[in-house]
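The values are calculated or read from the model by the stated rules, or taken from the named source; none is laboratory data. Remember, it's a predicted structure, so these values are computed and weren't measured experimentally. Because the Cβ atoms are built from the backbone with ideal geometry, glycine has one as well, and the counts that use them run over all protein chains shown. For the accessible areas, the whole protein counts, side chains as well, though only heavy atoms, and no ligand, DNA or RNA atoms are used. Shrake-Rupley method; radii C 1.70, N 1.55, O 1.52, S 1.80 Å.
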Amino acid sequence: PTRVRDYSPAMLDELTSAGEVLWAGAGGLPGGDGWISLVPADLAPLLLPEPLEVPGEGAPILEQLAGGQALFFRGLSDLVGATDDTAMADLVWDLVWAGVLTNDTLAPLRTRLGGGGTHRSRPQAPRVRIDRGRHGRGRLGRPAMPTRTGPPTVAGRWSRLPEREANSTLRTTARAEALIERHGVLTRGAVMAEQVTGGFSAVYPVLRAFEENGRARRGYFVETLGAAQFGTPGSVDRLRSFAAPDRVPGGAVVLAATDPANVYGAALPWPDRPGPGDPEAVDLGEGTGAARKGPTGHRAGRKAGALVVLVDGDLVLYVERGGKTLLSWTEDEQVLKEAATALSGAVSAGALGRMVVQKADGESVHTSTPLSAALQAAGFAATPRGLRLRG
């Protein structure tokens, strides 16, 4: 499962509509949210995650879409005899999160998640309208009729995902190749963070074979993580160039907490807060994506919707899902300013939407701190609710 940041929405729609890329659900989350996987269509049988349990009520839908058919929602609901669009749409999304249905565009996914994911409240049931006749007698108004195309959360054409490759060796080889290409340097913790079936021991034989035929190099690339690290030749050469004395710092970057480029919670453990050895800091696991808890009571982790801001590769800010809570790992005003500017730039570019920060390091954001000052210098405006920045 992944969050994609390297492609614009228009480019993704073009690739999915052309059939070059398939997207698949990989498990639901509370509030109608969930994980998705994006894979090249020609490698889908090898790389798609195994389907989850399929609800029994979805069998008629899958039967109608057998044989490679792709149908719009209204045609599909007519074929299965559904009369309740809301229930039908919920069932379609249950099949999506189970990993058996997909759409030819990401538009319905954006529409479904556009209300804020787990922070979105469930819509209230529509009220029944009562008309009054000439004698004051009440009579029910005309019932709402289904729309011609169906709800916007099920727009586009729906189809079944291809069957997964039955040969486990081929699947494991393709998965290992995708992992090492994605991470550059693959460690045990990174494999665990990707939730690979069978863990690191399942892909280790394939990585060892890659080393023997020259497709990967084994080395001690990241300190304290042991020698079972594998990198592509290009990644290793890149790391060597970073070690040069005339290296230019990489600056600040905003990433999803689950992004493979974020090594914390995967290749590296989350740093302690406020500092190593603090008696209130609790290590909840190394390399598993688990978080570390400091005196503030907040946790950093590889959670869907959360963000990290790195400056020269060091963790500086952690943004909880929804953007209301921030954690920081430094009091250096210059570093905080650089991180806050990067976060402001991501919001202004439309990547995050409106953001209202209410708490920073467990305290009100209105408290005078270096982090609060850095956010305001980066364009966040003080309001009664917190520091706000519009996308």
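Tabulated data for the structure shown
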item	result
Solvent-accessible surface ranking, highest first, for HIS366, HIS183 at 1.4 angstrom	HIS366, HIS183
Rounded accessible area of ILE36 (nearest 10 Å², 1.4 Å probe)	30 Å²
Cα-projected label distance for ALA304 with GLU363, points at 7 Å along beta-carbon direction, nm	3.5 nm
Net charge contributed by nearby residues that have their C-beta within less than 11 Å of TRP93 (K/R +1, D/E -1)	-2
Protection proxy ranking of 164-172, 316-324 - average other beta-carbon atoms within 10 Å, highest first	316-324, 164-172
Sites MET11 and THR224 - FRET efficiency at Förster radius 30 Å, r taken between beta-carbons, to 0.05	0.20
Residues GLU57 and SER201, FRET efficiency given R0 of 22 Å [Cβ-Cβ distance, rounded to 0.05]	0.05
Carbon/sulfur fraction of accessible area - the range 1-114, other protein chains in place, 1.4 Å, %	56 percent
Cα gyration tensor shape of the range 185-228, rounded if a/c is under 1.5, else prolate or oblate by comparing a/b with b/c	oblate
Pair LYS324, ARG240: separation of 7 Å Cα→Cβ label points (nm)	5.1 nm
Under 5 Å, built H, 5+ apart or other chain: amide partners of PHE72	TRP158
